[in-house]
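**Student:** The following block contains the structure, expressed as structure tokens.
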Amino acid sequence: MDCIQLVYTYLCTCNKMVPYTTPPFSHNSSSGLEYLTYNLPPATNTILIIWSVIVTLASLPGNTIILFCTSPMYPVLKMDTISLIFIRHIAVSDLANTVLVVLPTLWSLVTKHALFGDNKQVCLLAAYLQTFFPITSCLLVCALNVNKLAVLLNPVNTLNSTRNRRTGCLVVTAAWFCGTVPGIQHLIFGNKTPLFDTRSYRCIASWKNSKLASLWMLLDSATSVVFGLLPFFTIVVTSIWLLRFLKKVGVLQKQGVMLTVAVAGCYIVSNIPYLGVYHYRKTW
């Protein structure tokens with residue numbers, strides 16, 4: 001689940017579409033892991049495989065280059081201190097998401113089985129990671145946009161690099177912590193047995209048979225709004241606002257604005273194919 005998928009989860013809740021509760025076919029593996037199997041068009045699998053391959057090929061070298069260019073030892077990019085901190089953490093989060101979420105999903109799409117061999121504990125961890133990294137990345141991209149806009153609107157307050165570095169570290173710490181919120185909610189209110197859903201070929205956290213299912217679903221909707229809908233809306237609005245500054249700033253500031261908008265744009269566009277197929281599959 002990424003930032004856009006969090007928005008879609010919220011919309012599903014508003015339309016009283018409760019996902020994963022009434023699958024057409026369910027069976028347990030030898031280890032007890034429950035598989036939710038759907039008779040879906042093969043073309044949707046092909047699209048998700050292509051999407052996963054493209055994301056992997058773009059993410060691994062791309063984020064590695066970004067980490068090198070923003071390294072304090074080899075400062076290639078000329079940007080304000082906070083923006084460099086945000087970009088480094090976005091790259092780390094995206095790399096981790098590619099290795100720990102996208103690649104296992106790609107394996108499952110190709111083999112039709114979970115990478116971890118039906119291990120329920122690993123499946124549960126995978127379900128947590130699928131919200132942890134995307135939420136963190138979404139909040140960091142949002143913070144990057146807001147910070148760049150603040151720098152352009154009020155450049156005087158950005159001169160103290162020590163204070164900026166401290167502020168940047170506090171923001172990224174808060175973003176990484178917020179990524180743990182869905183996992184904490186599930187540990188408290190949800191069922192400890194995960195499910196493997198063949199619509200997304202990923203493990204999902206389950207509220208099935210949980211005594212606090214209704215409360216968890218309410219908190220899940222709130223989480224989708226706070227960490228999905230609001231940051232997504234903020235990213236779109238601030239990106240459009242930043243584009244208006246391109247003709248008003250100098251060459252160095254223009255480079256920072258273009259890079260910020262590019263990071264936000266790539267983050268949104270890269271998730272559209274998965275969102276489209278995911279939305280289509282959720283209707284089955």
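**Student:** When only residues in the range 105-128 that are without any contact (Cβ under 8 Å) to a residue 60 or more places away in the chain and in a helix (DSSP H, G or I) count, which is nearest to LEU36 (Cα to Cα)?
**Tutor:** Among those that are without any contact (Cβ under 8 Å) to a residue 60 or more places away in the chain and in a helix (DSSP H, G or I), it is THR111.
**Student:** Turning to a different aspect of this structure: Restricted to the range 85-126, and to residues that are crowded, with 21+ Cβ neighbours inside 10 Å and over 30 Å from ARG199 (Cβ atoms), which residue is farthest from the chain's Cα centre (by Cα)?
**Tutor:** Top of the filtered list is ILE85.
**Student:** Among the candidates THR223, THR173, single out the residue that is among the polar types (S, T, N, Q), open to solvent by 80 Å² or more (accessible area, probe 1.4 Å), at pLDDT 80 or above and within 20 Å of the chain's Cα centre (by Cα).
**Tutor:** THR173
**Student:** Determine whether LEU243 is closer than 29 Å to ILE47 by Cα, open to solvent by 40 Å² or more (accessible area, probe 1.4 Å) and at pLDDT 80 or above.
**Tutor:** Spelling it out, it is not the case that LEU243 is closer than 29 Å to ILE47 by Cα, open to solvent by 40 Å² or more (accessible area, probe 1.4 Å) and at pLDDT 80 or above.
**Student:** Consider the range 58-78. How many of its residues are open to solvent by less than 30 Å² (accessible area, probe 1.4 Å) and assigned to a loop (DSSP other than H, G, I, E, B)?
**Tutor:** Qualifying residue count for the region: 2.
**Student:** In addition: Which one of these is closer than 30 Å to TYR35 by Cα, open to solvent by 50 Å² or more (accessible area, probe 1.4 Å), basic (Lys, Arg) and modelled with pLDDT under 80: LYS211, LYS282?
**Tutor:** Only one candidate passes the filter, namely LYS211.
**Student:** Another question, then. Restricting attention to the range 129-140, does a residue exist that is closer than 29 Å to TYR201 by Cβ, in contact with a Lys or Arg (Cβ under 9 Å, 6 or more places away or on another chain) and assigned to a helix (DSSP H, G or I)?
**Tutor:** The answer is yes; a qualifying residue exists.
**Student:** Condition first: closer than 16 Å to ILE135 by Cα and of a type in the set (Asp, Glu). Now tell me which residues in the range 61-106 satisfy that.
**Tutor:** Scanning the range 61-106 gives a single hit, ASP94.
The values are calculated or read from the model by the stated rules, or taken from the named source; none is laboratory data. All figures in this text were calculated on a predicted structure; none of them were measured in a lab. When we count neighbours, we look across all protein chains shown, and the Cβ atoms used for this are built from the backbone with ideal geometry, even at glycine. Please note that ligands, DNA and RNA were not included when accessible areas were found on the heavy atoms of the full protein model with its side chains. Shrake-Rupley method; radii C 1.70, N 1.55, O 1.52, S 1.80 Å.
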